[in-house]
Amino acid sequence: MLEYCPRVQFGKTHATVSRMNTKEMTEQQALLTVRGLTCERGGNELFAGMTFSVNSGDLVQIEGSNGSGKSTLLRCLCGFYKDWEGEINWYIDHHPLYIGHKAGVSADLSIEENLAYLLALHEVPQLPQLIEGVVADAGLLVHLNRAVRELSEGQRKKVNLCRLGLLPSQIWLLDEPFSSLDGVAVDWLMSMIEEHRANGGSVVYTSHQAIKLDQKHVRLADFVSETIGACTP
Amino acid sequence: MSHLLMSFLRDFRSYLRRPGDLLAPLVFGFVVISLFPLGIGPEPAQLSVLSPGIIWVVLLLASLLSVHLLFQRDDEEGVLEQQILSPASLYFVVLGKVGAYWMMTGMPLVLVSPLMAQMMSMSGSGTLALTLSLLLGTPIVSLLGAVGASLTIGIRGGAVLVTILILPFYIPILVLGTAMTEAGHSGESMVFHGALLAAALSFGCAFAPLAVAGALSVSVEN
């Protein structure tokens, strides 16, 4: 039974946050619906009237060129960026997981301390095997007690991605999750995504790499209003 | 409440791994105080009249040195985003963070204040009053600093801006702290000023984290 967590306040001013009842649920397994989303940044309209929905089990790739607003769209969805109009409705009982361009982990703390803090932040009971298992899957078990600052860029990214295996959430919002990962790590991430989808979760991600999976696409170019060309000098 | 303790421990642990930035106020304060007997002259009569005001002003200025660092690292590392996008109450997370920051910046000042008082030729009761007033005053300074720091996250030149923003709010604390120290120094009762400082501290503990939490969720916009 999906139940909306009342403490989630995404885009307070514009979003109508509603609760899903069981009758609706049988008809449609939407976890996130976006209607008529129009977003401005620095006076430029990035996209207008964007409408899409993310259902249980979906893998949605946000496509667009550099600067077209992919990251901003994800930040709109999780409520960080607030300069938008339209409707964003969440039907989830945990907070979405967001992985952006920033490290997401503290460089001064060890991998274990970082992940233990994450678990505590999300009120997940801490089992030592849980963290060790996920870190071992990421291939970082030998570095478990090393400070994150001593790790390479790709290893830090993997530590950040470890949260996907630790925290409960139906929707993952991943901004360029494949950047700076090696082949083994890409396979690891893909297997996590597949497992998440098999469990009814869904993933919204941006990437310039071609991913050979059955998935939906949201092309930002489809939602650019025609006036933009005329407005820009 | 567990979020308070957890955030406190996390921040305190990471501060201990790079104490340099945050211990700068202590060193700065200590060095500046030690210059006054040299500049004004070591006569106890002259020094002890000026000492409450001088020590308080120097320690306030010293605390401004590090206040912009309170949220900077967490913002750069994206930890702040993760804290906002979690079911944890931001209020308690912030309170824990400010607590850890105070343990690293305010507490050392309180601990070395008797030594500073001796350098400035203060009486025994004056020394006690100074330490007590700092014990009540420095947490307020940290809480107010957190409000300023949260408003200037990610702004270039934020260190200067935060100083201009919060310095006016330090004035009542400075007046009360100095008055309490002077009262103790001249052997009068310091209950009145102490009670006012304690009231300000309680008020700050209750409401400053609210303001900080609000400012933080706006600051992560970019």
> What residues in the stretch B:75-112 lose 40 Å² or more of accessible surface when the other protein chains are added to their chain alone (1.4 Å probe)?
Replying inline: B:Glu77, B:Glu81, B:Gln82, B:Leu85, B:Pro87
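Rg(Cα) of the protein assembly as shown divided by 2.2 N^0.38 Å?
Working: Rg = 26.0 Å, N = 455, 2.2 N^0.38 = 22.5 Å.
Output field value: 1.16.
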>> Counting only other chains, and only Cβ atoms inside 10 Å, what mean value do you get across the residues of A:113-126?
In response: 4
>> What percent of all Cα-Cα pairs in the stretch A:125-208 falls into each 10 Å bin, going from 0 up to the bin containing the maximum distance?
In response: 16, 51, 30, 3
>> Give me the tail of P(r) for the stretch B:141-222 as a percent: Cα-Cα pairs with distance above 17 Å.
In response: 55 percent
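Remind me, what semi-axes does the stretch A:99-168 give for its equivalent ellipsoid, largest first in whole Å, using sqrt of 5 times each Cα gyration tensor eigenvalue? Please report the intermediate quantities before stating the final value.
Details: eigenvalues 56, 35, 25 Å².
After diagonalising the Cα gyration tensor, the semi-axes are 17, 13, 11 Å.
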> Taking only protein heavy atoms and a 1.4 Å probe, what accessible area per residue, in Å², does the stretch A:99-168 have with all protein chains in place?
Replying inline: 40 Å²
> Normalised by the number of residues in the stretch A:99-168, what is the relative contact order in percent for Cα pairs under 8 Å and 6+ residues apart?
Replying inline: 48 percent
>> Tell me which DSSP H helices of chain B clear both cut-offs, 15 Å or more of axial length from alpha-carbon atoms and a mean Kyte-Doolittle hydropathy of at least 0.0.
In response: B:20-40, B:44-64, B:90-119, B:124-151, B:158-185, B:191-219
> In Å² (nearest 100), what accessible area is buried between A and B, both sides summed, heavy protein atoms only, 1.4 Å probe?
Replying inline: 2700 Å²
> Near A:Lys216, which aspartates and glutamates are there with a Cα under 13 Å away, not counting those fewer than 8 places off in the same chain?
Replying inline: A:Asp58, A:Glu63
> When all alpha-carbon pairs of the stretch A:48-192 are counted, what percent fall beyond 23 Å?
Replying inline: 39 percent
> Heavy-atom accessible area of B:Trp102 with all protein chains present, probe 1.4 Å, nearest 10 Å²?
Replying inline: 40 Å²
> For chain B, what is the convex hull volume of its Cα atoms per residue in Å³?
Replying inline: 110 Å³
> Which value, in debye to the nearest 20, gives the size of the charge dipole of the protein assembly as shown about its Cα centre, when Lys and Arg are +1 and Asp and Glu are -1 at the Cβ?
Replying inline: 460 debye
>> Per residue, how much accessible surface does the stretch B:173-216 expose to a 1.4 Å probe? Answer in Å², no decimals.
In response: 45 Å²
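The values are calculated or read from the model by the stated rules, or taken from the named source; none is laboratory data. Please read all numbers here as calculations on a predicted model, not as lab measurements. Cβ sites come from the backbone with ideal geometry, for glycine too, and all protein chains shown count toward neighbours. SASA here: full protein model, heavy atoms, side chains in, ligands and nucleic acids out. Shrake-Rupley method; radii C 1.70, N 1.55, O 1.52, S 1.80 Å.
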